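The values are calculated or read from the model by the stated rules, or taken from the named source; none is laboratory data. Not measured: the values here are computed from a predicted model. Neighbour counts are summed over all protein chains in view; Cβ atoms, including those assigned to glycine, are modelled from backbone coordinates with ideal geometry. Please note that ligands, DNA and RNA were not included when accessible areas were found on the heavy atoms of the full protein model with its side chains. Shrake-Rupley method; radii C 1.70, N 1.55, O 1.52, S 1.80 Å.
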Amino acid sequence: MQPLKVKKVGNVFTYNSTNHVFNLEQMDAKNIRGKVNGELGLHDNFSISNRPYKAFQMAKNFHTAEEGYGPWGEFVNIDQNHNSLCKNYYEKANRSDKGKWRTPNQREFMIMYTQDINFIRYTKNGGWYNDDIDYRAYTRTEWKYNKARHFGYNNGILFLDQPTSYNISLRCVRDVDVDSNGNIINE
């Protein structure tokens, strides 16, 4: 019997640490969706909205102004338009990018996690030795079989939540177009 040959598969994305852009142009067209400016609609894990765009930018920082305690909906589904608190996030001094940021879908979240767990993990020092507070990070994605449950991360585990309150922090993203050097274009 011949030994099993194992082939290592590489990432289908590249990450630019200067502008925090994940470029997914290597992905098959069936695995990406069209560009969205602002929030994705509410969707489940089997939805086309759960696909990434061909490139997305991750916020430089967690949306720390919105740290807090509560259920998913108080952060990710805050108004009749189903916006998340990311709608208020901006990085540009003139705020021209406000309203373009959103909560990542499950697949974008996993890409961020695959690149570096700290891209989705937010821990706040509680002030005492070994008394850090781990904030749960959330996606925009609901579970197809129970829309009261949502995909996220907490304390080393990717999970489906229960409809209850948690310490929550968001890492916003936005769809972008990039040139061949990975620079953002057409803003």
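Work out from phi, with θ = phi - 60° and the Karplus expression 6.51 cos²θ - 1.76 cosθ + 1.60, the ³J(HN,Hα) of each residue of segment 133-150, listed in order in whole Hz, and give x for Gly and Pro.
9, 8, 8, 6, 9, 10, 9, 7, 8, 8, 7, 3, 8, 6, 5, 7, 10, 9
Modelling each spin label as a point 7 Å along the Cα-to-Cβ direction, I'd like the N81/N186 distance in nm, to one decimal.
2.2 nm
Mind checking the per residue accessible area of the chain for me, 1.4 Å probe, whole number of Å²?
Values: 10530 Å² over 187 residues.
Per residue, the chain has 56 Å² of solvent-accessible surface.
About its Cα centre, how strong a charge dipole does the chain have in debye, to the nearest 20, once Lys and Arg get +1 and Asp and Glu get -1 at the Cβ? Working shown, then result.
Working: 25 positive and 21 negative charges, 114 e Å.
Dipole about the Cα centre, nearest 20: 540 debye.
Using modelled backbone amide H atoms (1.01 Å from N, in-plane), which distant-in-sequence or interchain residues come within less than 5 Å of A55's amide H?
Excluding prolines and chain starts, which carry no amide H, the hits are L24, V176.
R136's amide H: which non-local residues (gap 5+, or another chain) put their own amide H closer than 5 Å, with H modeled 1.01 Å from N in plane and none for Pro or chain starts?
Close amide H contacts, sequence-distant or interchain: N167, I168, S169.
Could you size up the charge dipole of segment 11-118 around its Cα centre, putting +1 on the beta carbon of Lys and Arg and -1 on that of Asp and Glu, and report it in debye to the nearest 20?
Working: 13 positive and 12 negative charges, 85 e Å.
I would put it at about 420 debye.
Taking a 25 Å limit on the Cα-Cα distance, which of the listed pairs K30/K60; K54/K92; K60/K124 fall beyond it?
Values: K30/K60 29 Å; K54/K92 23 Å; K60/K124 17 Å.
In this structure, K30/K60 lie more than 25 Å apart at Cα.
Which values, in whole Å and largest first, are the semi-axes of the equivalent ellipsoid of segment 70-143 obtained as the square root of 5 times each eigenvalue of the Cα gyration tensor?
Values: eigenvalues 108, 54, 46 Å².
In descending order the semi-axes read 23, 16, 15 Å.
Considering only C-alpha atoms, what is the centroid distance from segment 32-64 to segment 66-93, in Å?
First find each Cα centre; the distance between them is then 14 Å.
Evaluate E = 1/(1 + (r/R0)^6) for D132 and F46, where r is the Cβ-Cβ distance and R0 equals 45 Å; express this FRET efficiency to the nearest 0.05.
Values: r = 35 Å, r/R0 = 0.78.
Once the sixth-power term is evaluated, E becomes 0.80.
How far is it, in nm, from the label point at Q162 to the one at N118 when both lie 7 Å from their Cα along the line to the Cβ?
Calculated label separation equals 3.2 nm.
Given the -39500 (n - 2.57) contribution per DSSP H run of 4+ residues, what per-residue ellipticity at 222 nm results for the chain, rounded to the nearest 500 deg cm²/dmol? It would help to have the intermediate numbers written out before the result.
Values: 2 runs with 14 residues, N = 187.
Computed ellipticity for the chain at 222 nm equals -2000 deg cm²/dmol.
By the scheme Lys and Arg +1, Asp and Glu -1, what is the net charge of all other residues having a beta-carbon under 10 Å from that of V36? Working shown, then result.
Details: positive: R33, K35, K100, R102, R174; negative: E39, D175.
Charge balance in the 10 Å sphere: +3.
Picking from Q80, L158, Q57, whose Cα lies most toward the positive end of the charge dipole for segment 57-187 (charges on Cβ: Lys, Arg +1; Asp, Glu -1)?
Ranked along the dipole, the leading option is Q80.
When only C-alpha pairs under 8 Å and at least 6 residues apart count, what is the relative contact order of segment 17-159, in percent?
Values: 214 pairs, mean separation 31.0, N = 143.
Dividing the mean separation by the residue count of segment 17-159 yields 22 percent.
If we restrict to alpha carbons, what Rg and Dmax does the chain come to, in Å?
17.2, 66
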